[in-house]
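The values are calculated or read from the model by the stated rules, or taken from the named source; none is laboratory data. Predicted, not measured: the structure shown is a model, and the values here were computed from it. Using ideal geometry, Cβ is built from the backbone for each residue, glycine included, and neighbour counts are taken over all protein chains shown.
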């Protein structure tokens, strides 16, 4: 059996071929073959002493195979990411993946920064890597090694020091991906669409709306579409709108999606309609939509030009 045959039999990798070309690969540890995985890791020539490192060995084996050089889409759903995030990044840098256009990199979670369960049933605290990150300096050269990358979905917490790609046009972030707990990268010169999904962390703390001020025209000169429809901030909906109205990125946006528009009198100095009217001109140039409820006290119709649903 070839290495790819061995990986296919393990079931953690799902591969899509176009003729003899490997077009797409999706990784997620298969629990049903865990008992035989140590022997597979040994056959791959990797150290099998630590079962929490087996995930990394499987990822390295495929990304290091010549067939992976043709990949256009790659998904890495990590379990033991306290090891595999770094080693996966190193594997992406070590071998050319110039045609890779779509990448998912991250891990599942319910609450941001909650203790994570490994493949062996142990747990670890992700906050132990605060300011260090899980990828760390292994990200040096990562984005340069993926010159064709157009779409990135990153999910989790504290993975990267930064996401510094000149080629990205679409970015979806779920969580607080940067090592210092920040939400947005510092720059993405060709990014057109940005989607953020974030809720309260394991301590009940929500994202401060001031994070939106980090989106600047200098860092994101081509950003036109901002989707915050699944983002919960540590502020009222009206205060989020106020922050957005003053955000330096707003004038260049063509579409903006927010999670909800619930405005009560006490949040608006007793005059919800007046507060919204005052903000309306800032948003008049774009298509504003609301993913969730619209409830403005004292009226059945919103003043802002919005689309719901």
Checked against (1) modelled with pLDDT under 95; (2) farther than 17 Å from residue 83 by Cα; (3) out of contact with any helix residue (DSSP H, G or I) (no Cβ under 6 Å at 6 or more places or on another chain), residue 163 satisfies every condition except (1)
Quick one: is residue 226 crowded, with 20+ Cβ neighbours inside 10 Å and at pLDDT below 95?
-> no
Residue 153 passes all but one of (1) more than 21 Å from residue 231 (Cβ to Cβ); (2) surrounded by fewer than 21 Cβ atoms within 10 Å (Cβ to Cβ); which number fails?
-> (1)
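To keep it simple, each residue is scored yes or no on (1) within 30 Å of residue 65 (Cα to Cα); (2) over 16 Å from the mean Cα position of the chain (by Cα).
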{"site": "96", "(1), (2)": "yes, yes"}
{"site": "108", "(1), (2)": "yes, no"}
{"site": "122", "(1), (2)": "no, yes"}
{"site": "183", "(1), (2)": "no, no"}
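Among the residues of segment 134-150 satisfying the criterion of being closer than 13 Å to residue 81 by Cβ and modelled with pLDDT under 95, which is surrounded by the most Cβ atoms within 10 Å (Cβ to Cβ)? It would help to see each step written out before you state the result.
Restricting attention to segment 134-150, the residues satisfying the condition of being closer than 13 Å to residue 81 by Cβ are 134-136, 138.
Next cut, modelled with pLDDT under 95 only: 136, 138.
On the way: 136: 16, 138: 20.
Here the answer is 138.
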Select, from 296, 240, the only residue that is farther than 30 Å from residue 125 by Cα, crowded, with 17+ Cβ neighbours inside 10 Å and over 27 Å from the mean Cα position of the chain (by Cα).
-> 296
Test result for residue 304, crowded, with 16+ Cβ neighbours inside 10 Å, within 32 Å of the chain's Cα centre (by Cα) and either modelled with pLDDT under 80 or in a loop (DSSP other than H, G, I, E, B) (or both) = yes
Cβ pairs under 7 Å, 6+ apart, first in segment 288-300 and under 12 Å from residue 263 (Cα atoms), second at pLDDT 90 or above and part of a loop (DSSP other than H, G, I, E, B) | 293/260
Restricting the first residue to segment 115-133 and requiring it to be at positive phi and at pLDDT 95 or above, which pairs with a second residue that is surrounded by 12 or more Cβ atoms within 10 Å (Cβ to Cβ) and part of a loop (DSSP other than H, G, I, E, B) meet a Cβ separation below 7 Å and a spacing of at least six or different chains?
-> 131/179; 131/180; 133/161; 133/179
With criteria (1) modelled with pLDDT of 95 or more; (2) part of a loop (DSSP other than H, G, I, E, B), residue 96 comes up short on (1)
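Suppose we filter 78, 74 for residues that are within 16 Å of the chain's Cα centre (by Cα), crowded, with 22+ Cβ neighbours inside 10 Å and more than 24 Å from residue 203 (Cα to Cα); which single one remains? Lay out the reasoning, then the answer.
Numbers: 78 fails: more than 24 Å from residue 203 (Cα to Cα).
After applying the criteria, what remains is 74.
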